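The structure under discussion appears below in the form of C-alpha cells.
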Amino acid sequence: MIYLLLGNDDFTKKGFLDGLLAKEKLEVVTLFESEGVTKLAQAANDSNLFGGKKLIRVYEFFAKNLVDALLLESISKNSNIFFFVEEKLNKKT
C-alpha cells in the first residue's frame, strides 16, 4: 500500500502515522531523499526477521529523485506499507 502525505502540516502527518502504528505492529524504516531509488528498492525487497510487514517512511523523495512507473508498480505489489512524506511536488513529478 502506498500513501502520499503532502503539505506543510507535520503534526497531522505524524498523527496519521502514529495512528497506523498503534493499530498494527510494524517495523519502521526511514529513508531520506539523499538515499536514492536503489535504497528504496532494497528496503522494499528486504524482509524483516519474522517475515512481517514494514512501514517504510520516505521523506522528500519525489522532490530529489526521478521515479519511474515500474518502481511504483513493483512497490505497490509489495506487502509493505509505504509513506511518502512531501512538502510539495514539483511540476515534473
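Miscellaneous remarks
- Subset of the range 1-16 that is within 19 Å of N80 (Cα to Cα) and assigned to a strand (DSSP E or B) - its residue that is least open to solvent (accessible area, probe 1.4 Å): L5
- Residue list for the range 17-36, restricted to those being assigned to a helix (DSSP H, G or I), touching a residue at least 12 places away in the same chain (Cβ under 8 Å) and open to solvent by 50 Å² or more (accessible area, probe 1.4 Å): L21, E33, S34
- Condition broken by A44, with the remaining ones in (1) closer than 15 Å to L71 by Cα; (2) free of Cβ contacts under 8 Å to residues at least 12 places away in the same chain; (3) of a type in the set (A, V, I, L, M, F, W, C) satisfied: (2)
The values are calculated or read from the model by the stated rules, or taken from the named source; none is laboratory data. As the structure is a prediction and not an experimental result, all values here were calculated from the model. For neighbour counting, all protein chains shown are included, and Cβ atoms are generated from backbone atoms with ideal geometry for every residue, glycine included. SASA here: full protein model, heavy atoms, side chains in, ligands and nucleic acids out. Shrake-Rupley method; radii C 1.70, N 1.55, O 1.52, S 1.80 Å.
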